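Report on the structure given below.
The values are calculated or read from the model by the stated rules, or taken from the named source; none is laboratory data. Every value quoted in this text rests on a predicted model; they were computed, and no experiment measured them. Neighbour counts are summed over all protein chains in view; Cβ atoms, including those assigned to glycine, are modelled from backbone coordinates with ideal geometry. Keep in mind that these areas ignore ligands, DNA and RNA; they rest on the heavy atoms of the full protein, side chains included. Shrake-Rupley method; radii C 1.70, N 1.55, O 1.52, S 1.80 Å.
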Amino acid sequence: MRRVVREAVAFVGPKLKGHPEEPESGINLKTYLRAVSPVEGDSGELEEMLSHVMFNAVEAMPHGGDLYLSIEENAGQAHIYVQDSGVGIAPEILDKVFDPFFTTREDGRPGLGLCVAQAIARRHKGTLELSSKKNEGTVVTIRLPLAKPSKRKPRGRRKANEVSILLV
């Protein structure tokens with residue numbers, strides 16, 4: 001998970017710098033990446049899921065702010081938290097943010113990021129939840145099940161008299 005998070009941060013990184021005409025519009029990213037057991041799934045999809053969530057957080061802070069990203073392991077799951085200090089989401093539209101093409105943007109771009117992120121989480125047998133307060137920010141919590149340990153027995157060393165070698 002740490003590598004997936006780092007890759008997503010690198011992908012979103014250029015958006016964190018802000019606008020050149022507004023020097024204070026940058027976003028301060030703070031990461032807290034605790035060691036977690038492996039998560040079973042496609043790392044590319046997990047990176048895409050996290051990137052969508054982070055892009056939404058960045059767009060919610062047009063004048064800059066703080067973005068916190070943390071991972072931890074709890075109750076057999078990896079927990080990923082993405083918290084922003086952005087504009088937040090009004091309670092009356094909170095239940096619509098996962099609908100395909102729903103957007104609050106004025107530029108008319110379709111709102112697919114959270115819908116895609118939630119679908120990826122579900123495909124990995126996980127959940128993506130959102131809590132927000134208007135003008136205070138948003139917290140996205142992603143929970144993914146940890147990979148099950150391998151049931152294969154470790155290979156031990158064999159003694160010389162237990163091994164057959166065929167020479168042709």
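A few notes on this one:
- Selection within region 101-117 - at pLDDT below 80 and open to solvent by 30 Å² or more (accessible area, probe 1.4 Å): 101, 102, 103, 104, 105, 106, 107, 108, 109, 110
- The set of residues in region 84-96 that are touching a residue at least 12 places away in the same chain (Cβ under 8 Å) and either open to solvent by 20 Å² or more (accessible area, probe 1.4 Å) or small (Gly, Ala, Ser) (or both) comprises 85, 86, 87, 88, 89, 90, 91, 94.
- Any hit, region 72-83, residues being touching a Gly at 6+ places or on another chain (Cβ under 7 Å) and either touching a residue at least 60 places away in the same chain (Cβ under 8 Å) or not in a helix (DSSP H, G or I) (or both): yes
- Restricting region 53-71 to residues that are surrounded by fewer than 21 Cβ atoms within 10 Å (Cβ to Cβ) and either assigned to a strand (DSSP E or B) or not hydrophobic (A, V, I, L, M, F, W, C) (or both), the residue that is nearest to the chain's Cα centre (by Cα) is 70.
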